[in-house]
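The values are calculated or read from the model by the stated rules, or taken from the named source; none is laboratory data. Since the model is a prediction, treat every value here as computed from it, not as a measurement. Using ideal geometry, Cβ is built from the backbone for each residue, glycine included, and neighbour counts are taken over all protein chains shown.
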């Protein structure tokens, strides 16, 4: 039976890695590892099983690790760099025949090798959901969101965040003119720039979600995941058609959930920066239920 693709999507620094790795603990999922991404060792079912037996600390970023991967090197090698760091969101119109063939071939090849009912993969940045759902009409989407002020604060602390170069050199492409003007109105503040980049991504997610087939998309907040892991992730399991199993429960117990970090941005950013983010992200924060 052909594996069903499930894509975990998020802006980055939003908790999508946690959700992805918890779902990967389920015995009925198959996923690409970072070793496959590096071209060192092709992902196989036995590697997925071995990873599930390891403590969550082994997957921690920032050092030597063995973990499920977004596999951007693999995607660039076998499909196209277009999927890796596009300057805008990718829609159904971007699923040209050659790109679709390469992406479908890669996913079906890895899914067959992994031999699980669900092929699980995570991508961050632009949603790319229009292209993904055009290539895989039966795919399901798990969108992970987090307070935009927390995401902006986290981005600013990442070595790969390139916002210090200004609004024209962002990883996700240049800001739209209206958002660029808003940034200038706030004194070209770097926290505001990061917040506006998050806002642009969230608007793209709203557009992609509106075009997705009914029943294909679920959105979960990181803050709800860490406050109620079993309840929130149980709803995700239901969405993707995975049963609550003992192996999954054992895997879930390997992870640490810390609700105390949800408002850490208030300590990491200046009071004026938080107030500015409140103002420029007002509509998006309210829509997501953030105070």
Output the number of the condition that residue 205 fails; it satisfies all remaining conditions of (1) surrounded by 17 or more Cβ atoms within 10 Å (Cβ to Cβ); (2) out of contact with any strand residue (DSSP E or B) (no Cβ under 7 Å at 6 or more places or on another chain); (3) part of a helix (DSSP H, G or I). (2)
Condition (residue is surrounded by 18 or more Cβ atoms within 10 Å (Cβ to Cβ), touching a strand residue (DSSP E or B) at 6+ places or on another chain (Cβ under 9 Å) and either modelled with pLDDT of 95 or more or over 26 Å from residue 214 (Cβ atoms) (or both)) applied to region 87-95: is it met by at least one residue? no
Condition first: more than 27 Å from residue 24 (Cβ to Cβ) and surrounded by fewer than 18 Cβ atoms within 10 Å (Cβ to Cβ). Can you find one or more residues in region 218-241 that meet it? no
Just to verify a result, which residue in region 58-72, among those that are on the phi < 0 side of the Ramachandran plot and surrounded by fewer than 16 Cβ atoms within 10 Å (Cβ to Cβ), is modelled with the highest pLDDT? 66
Residue check for residue 236: part of a helix (DSSP H, G or I) and either within 19 Å of residue 20 (Cα to Cα) or without any contact (Cβ under 8 Å) to a residue 24 or more places away in the chain (or both): yes
Tell me whether region 258-273 contains one or more residues that are at pLDDT below 95, assigned to a loop (DSSP other than H, G, I, E, B) and more than 30 Å from residue 136 (Cβ to Cβ). yes
crowded, with 21+ Cβ neighbours inside 10 Å and under 18 Å from the mean Cα position of the chain (by Cα): does that describe residue 212? no
Those residues that are in a loop (DSSP other than H, G, I, E, B) and within 19 Å of residue 279 (Cβ to Cβ), I need them from region 164-185; list them, please. 167, 175, 176
